[in-house]
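Everything below concerns the one structure shown next.
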Amino acid sequence: MEYKCDKFSYRPSATVIIATKKKVDANANFEILLFERSTNTAFAPGHCVFPGGTFEEPSDECQEWMDYFKEYGVSSNQLDRLIVKEPNTKRTNPLLSTGKIFSREISLRITACRETFEEVGILFFRNHKTLKKLSSTPTFGEDFEDVNFDRVGWQFAVHKDAKQFLNLCRSLHVVPDLWSLYEWSLWRSPFTAEKRYDTVFYFVSSTKKPTLLLEHSEVKRAMWKTASEYLDLHKNQKIWLPPPQIYELSRLSKYSQLQNLTNHASYRSRQGKELLAPFYYKSSDAMIGVLPVQEKIVTCSRVR
């Protein structure tokens with residue numbers, strides 16, 4: 001699905017910043033998941049990115065999800081908590097574009113959960129017990145673990161057909177944990193990009209490092225490191241980070257405690273975030289990214 005903005009088309013998408021606790025050190029008590037895209041992928045091959053992908057309307061915003069939520073006992077009030085009513089920023093309302101069946105703030109979280117499972121095998125979930133405990137207190141996400149869970153088989157099925165994600169949740173008697181995914185930021189691809197996306201960045205934290213199952217047609221390798229470590233690797237040209245990842249990792253590097261970061265992510269999510277649309281300028285030896293509203297430099301990368 002695409003929607004028009006002026007004369008350009010942008011596809012809605014979602015990505016997930018996953019932070020998990022680690023042993024305390026001098027800098028931070030949490031690590032963040034990044035993976036290196038396979039060179040065979042159509043978008044950003046070889047780049048190190050957060051898990052995520054494109055919104056698929058037939059699978060992520062279908063009436064069957066609403067039917068299943070109702071059947072499972074998810075109340076309308078619980079779903080309503082995911083929607084920013086009056087953003088305290090310049091963020092558009094509704095989010096990115098209007099949902100046809102239900103709010104895009106619900107369906108893009110489904111996209112985020114589905115793509116995370118498809119790419120790295122993590123299934124953030126809630127069962128009846130944890131759904132009842134849902135409160136306004138910032139929460140941590142939990143990966144589904146069960147010795148009888150055919151993670152490999154289901155990942156393959158969801159990769160082939162996005163509609164299988166709903167069937168996966170039905171078979172496990174769970175719902176995707178939409179409530180632990182906090183709206184962190186919104187990014188728009190440059191209008192000069194061959195493929196253009198409007199992407200919601202969600203943040204989720206976990207007290208336990210999830211088990212990874214990499215989908216090798218899309219993922220070459222995965223890493224758990226601190227935000228500062230990733231930035232150092234990029235600076236030393238050991239990995240390649242796209243500009244939004246550089247910007248967000250720089251922001252995340254200011255935090256040392258996972259609980260404080262999670263509390264702030266919950267607060268940010270309630271405010272609604274403004275769409276960031278950087279402009280890029282090419283000099284003789286560098287590419288400079290600028291956010292026009294804030295007049296801040298996003299990144300300055302040497303032309304390779």
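The values are calculated or read from the model by the stated rules, or taken from the named source; none is laboratory data. In this text, all values refer to a predicted model and were calculated from it rather than measured experimentally. Cβ placement follows ideal geometry from the backbone for every residue including glycine, while neighbour counts extend to all protein chains displayed.
Looking at region 170-181, can you tell me whether even one residue there is touching a strand residue (DSSP E or B) at 6+ places or on another chain (Cβ under 6 Å), crowded, with 20+ Cβ neighbours inside 10 Å, modelled with pLDDT of 95 or more and of a type outside the set (A, V, I, L, M)?
yes
Restricting attention to region 69-82, which residues are buried (at least 16 other Cβ atoms within 10 Å of the Cβ) and in a helix (DSSP H, G or I)? Please lay out each step first, then the result.
Taking region 69-82 and keeping what is buried (at least 16 other Cβ atoms within 10 Å of the Cβ), we get 69, 72, 74, 78-79, 82.
Scanning region 69-82 gives F69, Y72, Q78, L79.
Kindly state which strands (runs of 3 or more DSSP E) lie completely within region 1-44 and contain at least 3 residues that are modelled with pLDDT of 90 or more, farther than 18 Å from Y255 by Cα and within 13 Å of the chain's Cα centre (by Cα).
Working: elements: 3-5, 8-21, 30-37.
So the answer is 8-21.
With the requirement that a residue be surrounded by fewer than 19 Cβ atoms within 10 Å (Cβ to Cβ) and of a type outside the set (S, T, N, Q), what does region 256-274 give you?
Within region 256-274, H264, Y267, R268, R270, E274 qualify.
Output the residues belonging to region 104-131 that are aliphatic (A, V, I, L, M) and either out of contact with any Pro (no Cβ under 6 Å at 6 or more places or on another chain) or in a helix (DSSP H, G or I) (or both). Please lay out each step first, then the result.
Restricting attention to region 104-131, the residues satisfying the condition of being aliphatic (A, V, I, L, M) are 106, 108, 110, 112, 120, 122-123, 131.
Of everything in region 104-131, those that are aliphatic (A, V, I, L, M) and either out of contact with any Pro (no Cβ under 6 Å at 6 or more places or on another chain) or in a helix (DSSP H, G or I) (or both) turn out to be I106, L108, I110, A112, V120, L123, L131.
For L241, indicate whether it is at pLDDT 90 or above and closer than 23 Å to G141 by Cβ.
Details: at pLDDT 90 or above: yes; closer than 23 Å to G141 by Cβ: no.
Taking the combined requirement at face value, the residue does not satisfy it.
Looking at region 210-232, which of its residues are surrounded by fewer than 16 Cβ atoms within 10 Å (Cβ to Cβ), touching a residue at least 12 places away in the same chain (Cβ under 8 Å) and among the charged types (D, E, K, R)?
If the condition is that a residue be surrounded by fewer than 16 Cβ atoms within 10 Å (Cβ to Cβ), touching a residue at least 12 places away in the same chain (Cβ under 8 Å) and among the charged types (D, E, K, R), then R221 is the only one that fits.
Under the condition of being in contact with a Pro (Cβ under 9 Å, 6 or more places away or on another chain) and among the polar types (S, T, N, Q), which residue from region 176-202 is farthest from R109 (Cα to Cα)?
Of region 176-202, the ones in contact with a Pro (Cβ under 9 Å, 6 or more places away or on another chain) are 180, 182, 185, 187-188, 190, 196-201.
Pick out the ones that are also among the polar types (S, T, N, Q) and you get 180, 185, 199.
Working: S180: 10, S185: 13, T199: 11 Å.
In this case the residue turns out to be S185.
Regarding region 211-220, can at least one residue be identified that is polar (S, T, N, Q) and either in contact with a Gly (Cβ under 6 Å, 6 or more places away or on another chain) or not in a loop (DSSP other than H, G, I, E, B) (or both)?
As a first pass, look at region 211-220 and keep what is polar (S, T, N, Q): 211, 217.
From what's left, either in contact with a Gly (Cβ under 6 Å, 6 or more places away or on another chain) or not in a loop (DSSP other than H, G, I, E, B) (or both): none.
For region 211-220, residues polar (S, T, N, Q) and either in contact with a Gly (Cβ under 6 Å, 6 or more places away or on another chain) or not in a loop (DSSP other than H, G, I, E, B) (or both): absent.
Quick grid of which residues meet (1) of a type in the set (D, E, K, R); (2) in contact (Cβ under 8 Å) with a residue 40 or more places away in the chain; (3) on the phi > 0 side of the Ramachandran plot:
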site: W240; (1), (2), (3): no, yes, no
site: K254; (1), (2), (3): yes, no, no
site: N260; (1), (2), (3): no, no, no
site: H264; (1), (2), (3): no, no, no
site: K273; (1), (2), (3): yes, yes, no
site: A277; (1), (2), (3): no, yes, no
site: Y280; (1), (2), (3): no, yes, no
site: I288; (1), (2), (3): no, no, no
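Of everything in region 187-209, what is surrounded by fewer than 19 Cβ atoms within 10 Å (Cβ to Cβ) and of a type in the set (D, E)? Give them in sequence order.
E194
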